[in-house]
1. Can you go through Phe26, Phe63, Phe48, Phe111 and tell me which one is modelled with pLDDT under 95, in contact with a Ser or Thr (Cβ under 8 Å, 6 or more places away or on another chain), hydrophobic (A, V, I, L, M, F, W, C) and open to solvent by 20 Å² or more (accessible area, probe 1.4 Å)?
2. For Ile21, all conditions in the list (1) closer than 19 Å to Ala186 by Cβ; (2) modelled with pLDDT of 95 or more; (3) of a type in the set (Val, Ile, Thr) hold save one; what is the number of the exception?
3. Take region 193-240 and flag every residue that is of a type in the set (Gly, Ala, Ser) and either within 14 Å of Tyr86 (Cα to Cα) or open to solvent by less than 40 Å² (accessible area, probe 1.4 Å) (or both).
4. Report, ordered by the first and then the second residue, all pairs with beta carbons closer than 9 Å, sequence separation of six or more or different chains, a first member in region 245-266 that is more than 16 Å from Val234 (Cβ to Cβ), and a second member that is open to solvent by less than 20 Å² (accessible area, probe 1.4 Å) and modelled with pLDDT under 65.
5. When the residues of region 130-151 are narrowed to those that are at pLDDT below 85 and in a helix (DSSP H, G or I), which ends up farthest from Gly286 (Cα to Cα)?
6. Do the conditions hold for Ile75, that is, is it without any contact (Cβ under 8 Å) to a residue 40 or more places away in the chain and open to solvent by 40 Å² or more (accessible area, probe 1.4 Å)?
7. Can you tell me which residue among Ala302, Ala275 is at pLDDT 85 or above and farther than 25 Å from Val234 by Cβ?
8. Go through region 162-192 and count every residue that is modelled with pLDDT under 95, among the aliphatic types (A, V, I, L, M) and open to solvent by 40 Å² or more (accessible area, probe 1.4 Å).
Amino acid sequence: MRFSSANRRGALGAYGLLSAIWGTNFLFMQAAAPYISAGQTALLRLVFGAIPIVIFAALTGSFSRRHLRHAHRFIIQAFLGAGLYYFAYATGTFRLDSGIAGALSGSIPLFATVGAILIFRTEKLTAPKAAGVLLGAVGVVVIARPWNAASIDAGGVLWMLIGSASLGLSYGYARRFITPLGIPAAAAASYQTVLAAIGLALVTDLSGITDIAQDPGALTAVVLGLGVMGTGVVFVLYYIIVAALGAVTASTASYIPPVFAMAIGIIFLGEQFDAVALIGVALILGAAAIMQIAQRRSELSASQGLLQKQ
């Protein structure tokens, strides 16, 4: 897919919209909390989020019967990158202020880096990456505040970190086992989302799931805000940004949602401004930036070395 300069400008708009949508996901999850469980919230998110992704994949001719031979890979990816991730985030967000939950989502790049280095061996440990991981860990501790256990729900923090770790590890898994298959991203995302929805449907207690219909606003927040927009449209926007601006630029969109989530919590939910949490966010995002810059330099160095050999 080729993009003109006008489309590149449009991609910048998509970048801002993507960041905003990601930041509102925590608000939408909290809207569901009074009516349905975390598992039901994650399931509805996946079901309605799959719709635009599958449509996009079909329109772009991304599906192929040959992909069935790799079903086992997508089952694992569905668990890491969607099922456990969405369930854990819903559980954690139900127990925390949306701003705090959003702040902890900034830890995703930390887990992605650790997984890529220690588990999947797709990256090498360097001093900047090690410094970034340590700085990010300090940021998480600052937000969790273990020295003041009464100030924040430790269980909620743990669930958010489990969700971040699950998604972070899914990046390394995808790079090691999914990307080399050459399967279009739209198709891969469709398989992942649909399989995760099926898996959650099998293990989630569905009793009372229709209770959310008692509140049309909450139902709209989950179906349209969290599902169609926050899961499905977000993928399409991300695909456009990667194609027009590159993967490195696209990945920086994850820096903005934590700040967005804190602002939304304060403005729309009346949550108190938390200076300590803001410091933690700054540390986490600073760590993510350090690691990304280090990764970009490593990729450029590898590319230059390859060119010199040719």
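The values are calculated or read from the model by the stated rules, or taken from the named source; none is laboratory data. As the structure is a computational prediction, the values presented were derived from the model and not from experiment. No Cβ is skipped: glycine too gets one built from the backbone with ideal geometry, and neighbour counts run over all protein chains shown. Please note that ligands, DNA and RNA were not included when accessible areas were found on the heavy atoms of the full protein model with its side chains. Shrake-Rupley method; radii C 1.70, N 1.55, O 1.52, S 1.80 Å.
1. Among Phe26, Phe63, Phe48, Phe111, only Phe111 is modelled with pLDDT under 95, in contact with a Ser or Thr (Cβ under 8 Å, 6 or more places away or on another chain), hydrophobic (A, V, I, L, M, F, W, C) and open to solvent by 20 Å² or more (accessible area, probe 1.4 Å).
2. In the conditions (1) closer than 19 Å to Ala186 by Cβ; (2) modelled with pLDDT of 95 or more; (3) of a type in the set (Val, Ile, Thr), Ile21 misses (2) alone.
3. Ala196, Ala197, Gly199, Ala201, Gly208, Ala218, Ala221, Gly225, Gly227, Gly230, Gly232
4. So the pair list comes out empty.
5. Checking each candidate, the answer is Ala150.
6. Spelling it out, it is not the case that Ile75 is without any contact (Cβ under 8 Å) to a residue 40 or more places away in the chain and open to solvent by 40 Å² or more (accessible area, probe 1.4 Å).
7. The match here is Ala275.
8. Matching residues across region 162-192 total 3.
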